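What follows is a set of notes on a single structure, which appears directly below.
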Amino acid sequence: MYLSATDHRIPLSDGNSIPIIGLGTFSEPKLTSKGMCAASVKTAIDVGYRHFDGAYVYQNEHEVGEAIREKMAEGKVQREDIFYCGKLWTTYHEPEMVRPSLERTLRVLQLDYVDLYIIELPMAFKPGDDPYPKDENNKYIYHNTNLCDTWEVECHPYFTQEKLLKFCRQHDIVLVAYSPLGTSRNPFWVNVSSPPLLKDALLNSVGKKYNKTAAQVVLRFNIQRGVVVIPKSFNSARIKENFQIFDFSLTEEEMKDIEALNKNVRFVELLMWCDHPEYPFHEEY
Ligand code: A2P
């Protein structure tokens, strides 16, 4: 598959296509200053990113929309150049809440459509506008759901997802890897007992050979096997760095060596919700 900075969309079975790298936009709302998300999306568009992964619950979707609209107004991009993925939060799983939630996302973005709208997590919470509903004992209030759907999957060299990837390839499904760099390691929702991915000795030594960082190696590893990556960064140097993955390729042996790093380590464990009846990570994917 030929991939370049200006031509890196991969086909989907419905005739559409998806850029193989996107900018993740989740950032702890309390730790992120106003305007930072918009500035990062604008930098990313200038760098060449055309895919943005966002969500209403991230509380910055308006900034993503503002940045995209500004770049459209400048004539830098047209709407059809951009691929935006929005997400249905867990408190809106009731079927009659899905459409209004999508319509609210469109209002917040001030765009006419999104390219993809996915279920953020397959676990429903009590319906309503409180995104993290809790009872008087400070326990999360869950909601019954029969949801048996697919949604985006964590994927990186410590969690290579061989079985799932094989299944997806057989069925013409494109896999989107969230947390492709191994997350921000926030202990509230991340399993930090596993070592940081980007400190890995092999990834760093492969990077040295190509004058690339471990982050660039892990992103290249996934796109080279056809997996879409959505690394999050609100730092302009790292936004650029993460996009500079089209000017080198890993040898077959390096791909194999990196695959062998797999530890089946899931960083995004969401253990605070592990008693939810639909908690997905008790099962293998
Ligand atoms: P920052 O936004 O300050 O760049 P993931 O996409 O796997 O969830 O990882 C996101 C985390 O990795 C964020 O904390 C982000 O911080 C950081 N990050 C993004 N790009 C790089 C990079 N090239 N090198 C090191 N850390 C990075």
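The residues of the chain have, on average, 50 Å² of accessible surface per residue, using a 1.4 Å probe with all protein chains present.
Computed in the context of the full set of protein chains, the accessible area of the stretch 176-285 at 1.4 Å probe radius has 50% of its extent on carbon or sulfur. A straight chain from H62 to L12 at 0.36 nm per residue would run longer than the Cα-Cα distance by 15.3 nm. Near I118, the amide H atoms lying under 5 Å from its own belong to G86, K87, L88; only residues 5 or more places off or on other chains count, and H is placed 1.01 Å from N.
Each part gets one Cα centre, and for the stretch 171-231 versus the stretch 26-99 those centres are 22 Å apart.
Hydrodynamic estimate: the Kirkwood radius of the stretch 174-232 over Cα pairs, inserted into Stokes-Einstein at 10 °C and 1.306 mPa s, corresponds to D of 131 µm²/s. Hey, what D do you get for the stretch 102-247 in µm²/s if you plug the Kirkwood alpha-carbon radius into Stokes-Einstein at 25 °C and 0.890 mPa s? Answer from the Stokes-Einstein relation: 136 µm²/s. Going by the alpha-carbon gyration tensor, a ≥ b ≥ c the square roots of its eigenvalues, is the stretch 166-269 rounded (a/c under 1.5) or, if a/c is not under 1.5, prolate (a/b greater than b/c) versus oblate? Rounded shape, in that the Cα axes give a/c under 1.5. For the stretch 1-77, give the percent of accessible area contributed by carbon and sulfur heavy atoms, probe 1.4 Å, rounded to a whole number. Result for the stretch 1-77: 50 percent of the exposed heavy-atom area is carbon or sulfur. Of the beta bridges in the chain, as assigned by DSSP with both residues counted there, near 30 percent are antiparallel. Kirkwood radius for the chain, taken over all pairs of different Cα atoms as the inverse mean of 1/r, rounds to 19.7 Å. DSSP beta bridges fully contained in the stretch 73-181 are about 35 percent antiparallel. For the stretch 229-285, the calculated P(r), taken from all Cα-Cα distances in 5 Å bins from zero up to the bin holding the longest distance, is 4, 13, 13, 14, 17, 17, 13, 8, 3, 0 percent. Computed with the Debye formula from one identical point scatterer per Cα of the stretch 93-167, without solvent, the log10 of I(q)/I(0) at q = 0.12, 0.16, 0.23 Å⁻¹ comes to -0.52, -0.83, -1.10. Label separation (E80 vs D112): 1.1 nm, computed from points 7 Å beyond Cα along the C-beta direction. Computed extension length for N191-M1: 65.0 nm, one decimal, from 0.36 nm per residue of separation with the Cα-Cα distance subtracted. Between S33 and K126, what FRET efficiency comes out of the Förster formula 1/(1 + (r/R0)^6) with R0 = 35 Å and r the beta carbon distance, rounded to 0.05? Working from the Cβ atoms, E equals 0.65. Between R238 and C274, the modelled label-to-label distance comes to 2.7 nm, taking each label 7 Å out from Cα in the direction of the beta carbon. Distance distribution note for the stretch 48-146: the fraction of Cα pairs above 16 angstrom is 58%. Using a Gaussian network model of the chain in which every pair of alpha carbons under 10 angstrom is joined by a spring, one finds that among T145, T90, T213 the greatest mean-square fluctuation is at T145.
The values are calculated or read from the model by the stated rules, or taken from the named source; none is laboratory data. What you see is a predicted model, and the numbers here were worked out from it, not measured in a lab. So basically every Cβ, Gly included, is an ideal-geometry build from the backbone, and we count neighbours across all protein chains shown. Keep in mind that these areas ignore ligands, DNA and RNA; they rest on the heavy atoms of the full protein, side chains included. Shrake-Rupley method; radii C 1.70, N 1.55, O 1.52, S 1.80 Å.
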